[in-house]
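The values are calculated or read from the model by the stated rules, or taken from the named source; none is laboratory data. Computed from a prediction, not measured in an experiment: that's the story for all the values here. Cβ placement follows ideal geometry from the backbone for every residue including glycine, while neighbour counts extend to all protein chains displayed. For the accessible areas, the whole protein counts, side chains as well, though only heavy atoms, and no ligand, DNA or RNA atoms are used. Shrake-Rupley method; radii C 1.70, N 1.55, O 1.52, S 1.80 Å.
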Amino acid sequence: MEQARISSWQFFLLTFMYVLGTTFFLRPGGLIAVARQDAWMIWLWTGAIGVAMAYLWMKLAAYYPGLSIVQVCTKAGGKLAGGFIAMCYIGFFVQLASWVVRNLGDFMKSTLMPHTPITVFHVMILAVVCYATVKGLESIARTNEMLTPIILLTFIIICFLMLPEWNTDRFQPAFRLEVWKTMKETRNVIAFPYIESIVLMMMFPYVKSRQKASFVWGMTIATLILVAVTAFTVGVLGVTRASHETYPLYVIVQEIRIGSLIEHLEASITVILLVAIFIKLSTTFYCAVTGICQLFQLTDRTWVAVPLTLIVSGLSLSNENVVENISWDKRYVFEYELIFGLFFPLLLLVLAWLRKRRVQH
């Protein structure tokens, strides 16, 4: 195992940025299309379910303190069954990394560089992420610690500049949700970003103290920021415009004008997205590499990280375009990720409880 140690503050920031990550950019438009002016409320119930799942995962981790989720699988389920579950988790982490890479490629190609092959963006970001992974968890945590304030400060400045466009009338009529129908149509939000946060269980053994509190608070604060982002989008663009845009926050920044000299500040939001994607992808990719090393007892991450970039790059091309990605997300992502966020943890908890009972008797 890597001899790395990160503070509870650094783990809090990693959790916060992992949940926020690409979510603040990709989710608001779809939620507004479903829940209209009440879209901000969706984050409250999905965030509550996400935190409840986090407590389930921490209960599992409490049975095997100092072990990652991959190590817990082999410890609770044995070499065969546990090894199979661990391989499933590693495959899930790799797939998550490919989705994050594809989000970057789709954004860059549809907004800034439409004539550039999408693989160029994939290769460039994966090269940097591979280097960060080889350098280790402490390097990723310190980089995130430095970049997170820049992201938040830039977003605050954007909100301040667009305050003149804010109109509270755009939230009327309020509280008109069809609760059960809306919950069914927005269940995919539980998967992305909350269930995907199970990736961070790979980092539990490296956190010096209070990893559970840092994990829960990171998810909670990120949820509150997502509530603010969604409300801000509705207040500035209105329901109709926001629901028809794939990247509504990008459209908001495009419309910022300060006098007759300063306009087209969309480069600022592009930098924010690139930094957020780098943090989320580095975290996911690092956890995938670490999981492989732990399962197969390898000591050198480099020989795992380099070829894995090719696999992630290839998997990121599995869908043709943004429309296919959105369709998959709406129809299947919740049911698919529920296997890793609920079914496997419950199974491992039962196995851990049975092992404990057998030892006691």
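Between Phe84, Phe278, Phe215, find the one with the highest GNM mean-square fluctuation for the chain; connect C-alpha pairs within less than 10 Å.
Phe84
Taking N as the number of residues in the range 8-360, what value does Rg over Cα atoms divided by 2.2 N^0.38 Å take?
With N residues counted in the range 8-360, Rg over 2.2 N^0.38 Å equals 1.00.
Can you tell me which of 236-245, 169-178 comes out highest on packing, and rank the rest after it, using the mean Cβ neighbours within 10 Å?
Going by the mean number of other Cβ atoms within 10 Å, highest first, we get 236-245, 169-178.
Give the distance, in whole Å, between the Cα centre of the range 287-329 and the Cα centre of the range 109-185.
Result: 21 Å between the Cα centres.
Sticking with the crude label model, points 7 Å out along Cα→Cβ, report the distance from Trp328 to Leu163 in nm, one decimal please.
Distance between label points: 4.2 nm.
I'd like the accessible area for Ile125, computed on protein heavy atoms only with a 1.4 Å probe and all protein chains in place. Round to 10 Å², please.
20 Å²
Could you identify which residue out of Met146, Met201, Met41 has the top mean-square fluctuation in a GNM of the chain using Cα springs shorter than 10 Å?
Met146
Would you work out what percent of the accessible area of the range 8-360, with all protein chains in place, is carbon or sulfur (probe 1.4 Å)?
66 percent
Residues of the range 4-119: accessible area per residue at 1.4 Å, in Å²?
Counting only protein heavy atoms, the per-residue value for the range 4-119 is 34 Å².
Taking the Cβ of Asp38 as the centre, find all other residues whose Cβ is under 14 Å away and add up their charges (Lys, Arg: +1; Asp, Glu: -1).
+2
Once amide H atoms are placed 1.01 Å from N in the peptide plane, what residues at a sequence separation of 5 or more from Ile256, or on another chain, have their amide H within under 5 Å of its amide H?
His264, Leu265
By Kyte-Doolittle mean hydropathy of at least -1.0 and Cα axial length of at least 15 Å, which whole DSSP H helices of the chain are selected?
Helices passing the filter in the chain: 8-20, 23-35, 42-63, 83-107, 118-135, 137-161, 211-237, 266-295, 302-315, 344-360.
In square angstrom, rounded to the nearest 10, how much accessible surface does Lys135 have for a 1.4 Å probe?
It works out to around 120 Å².
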